[in-house]
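Working notes for the structure below.
The values are calculated or read from the model by the stated rules, or taken from the named source; none is laboratory data. All figures in this text were calculated on a predicted structure; none of them were measured in a lab. Don't worry about glycine lacking a Cβ; one is built from the backbone with ideal geometry, like all the others, and counts go over all protein chains shown. Ligands, DNA and RNA are excluded from the accessible area calculation, which covers all protein heavy atoms including side chains. Shrake-Rupley method; radii C 1.70, N 1.55, O 1.52, S 1.80 Å.
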Amino acid sequence: MLHSYTVHNEEAEELTYQIHKADIHCPGFLEYHKRLQTFLMWFIETASFLDVDDDRWDFFLVFEKYNKDGETLYATVGYMTVYNYYVYPDKTRPRVSQMLILPPFQGEGHGAQLLEAVHRFYCGLPKVQDITAEDPSENYVKLRDYVLTKLCQNLPSFDADKLHLGFSADMIKEAQEKLKINKKHARRVYEILRLRATDMSDEEKAKAYRLEVKKRLFGPYRKNQRELAKMRKCLRPEELVSHMGQLDTQTQHEELEKSYQLALEDYRRIIERLASQA
């Protein structure tokens, strides 16, 4: 068992939950997992069964612990599968493959509890480089942003008085060394924490924040501009016209602003959730 926590339900009862880690060598686990993974087909559109013969798989399970007729029982709440990839020369990179909280338990914070417990587990392993996810869904990215921000907010390099100085090498190093968070994810955490520390009613501060976020978001558009420069050299005029619509500067600015507003909306939800959990 990695972690235990309680949740208050609508009937004001206090329910107990436990998070356990397992692997293919645990007696009886493969048979249990064979039944458990059928839920993936019901609730995740692109899900597929795992080849669990590989001992690089780790499994993390959430159970509700309860009593019935004097007997202690465990209800399955959800689970996560993680594959440990090799990183030269002597590290591993755990990659989240599948994560599912069953519908009756969704919206109660179990996903955040599970993801945080998994991160804390791998943080304690010196051979782990960082933790990633395979083809993450939009909901998973939002959950990860919340959990990683919660973990990073107390790191010295993410102190409020340092956030307005910009995303720094110290943030990258500390997030990676202490929490196994890679540069890309640390950048998003920085943006969320900087928003929390920024008075957005102050026009200058709001503008500085907007430019900082858009600088990251502009990456794909900068790539498009390089592609356009190459096209001008090698495409015939009629071919170039067909591509110009996709790379139009005005369109890019509109898409950039839209991406910024969506990020701002997601970040504010995470900040509100952090405040409610404080």
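Each peptide in 178-184, 131-137 receives the mean, over its residues, of other Cβ atoms within 10 Å, and ordering these scores from highest gives 178-184, 131-137. For the Cα trace of the stretch 70-224, dividing Rg by the Kirkwood Rh returns an Rg/Rh value of 1.03.
Could you tell me the relative contact order of the chain? Use alpha-carbon pairs under 8 Å, at least six residues apart, and round to a whole percent.
11 percent
Projecting label points 7 angstrom from Cα along Cα→Cβ for residue 251 and residue 32 puts them 5.3 nm apart. With the simple spin-label model, which puts each label point 7 Å out from Cα in the Cβ direction, the residue 142 to residue 46 separation comes to 1.8 nm.
Against the chain, whose longest principal axis is taken from its Cα atoms, helix 237-247 shows a tilt of about 50°.
Mean separation of Cα pairs under 8 Å and 6 or more residues apart, divided by the residue count, gives the stretch 85-222 a relative contact order of 22 percent.
Expressed as a fraction of 2.2 N^0.38 Å, the value expected for a compact globular protein of N residues, the C-alpha radius of gyration of the chain is 1.20.
Using R0 = 51 Å, the C-beta based FRET efficiency linking residue 170 and residue 56 works out to 0.95.
Apolar share of the accessible surface for the stretch 180-219: 46 percent from carbon plus sulfur atoms, 1.4 Å probe. If R0 is 22 Å, what FRET efficiency do you get for residue 234 and residue 211 from their C-beta distance, rounded to 0.05? Computed FRET efficiency for residue 234 and residue 211: 0.05. For the stretch 4-110, which chymotrypsin sites (Phe, Trp or Tyr not before Pro) are both in a DSSP coil and crowded by at most 12 other Cβ atoms within 10 Å? Sparse-neighbourhood loop chymotrypsin sites (Phe, Trp or Tyr not before Pro): 49. Over the residues of the chain, the helix contribution to mean residue ellipticity at 222 nm works out to -16500 deg cm²/dmol, using -39500 (n - 2.57) for each DSSP H run of at least 4.
Accessible surface area normalised per residue over the chain is 59 Å², counting heavy atoms of protein chains with a 1.4 Å rolling probe. For trypsin sites (Lys or Arg not before Pro), the sites in the stretch 9-85 that DSSP calls loop and that have at most 16 other Cβ atoms within 10 Å are 56. Of the residues 156, 89, 126, the one that moves most in a GNM of the chain with alpha-carbon contacts below 10 Å is 89.
The apolar share of the surface of the stretch 61-134, taken as the fraction of accessible area on carbon and sulfur atoms (1.4 Å probe, ligands and nucleic acids excluded), comes to 49 percent. Over all pairs of different C-alpha atoms in the stretch 1-157, the reciprocal of the mean inverse distance, the Kirkwood hydrodynamic radius, equals 16.8 Å. Quick one: which of 127/183; 173/258; 162/215; 173/215; 91/258; 65/183 span more than 29 angstrom between C-alpha atoms? In this structure, 173/258; 91/258; 65/183 lie more than 29 Å apart at Cα.
Comparing mean-square fluctuations of 26, 152, 123 from a GNM of the chain with C-alpha springs under 10 Å, the top value falls on 26.
Taking each residue as 0.36 nm, the span from residue 262 to residue 13 lengthens on full extension beyond its C-alpha to C-alpha distance by 85.9 nm.
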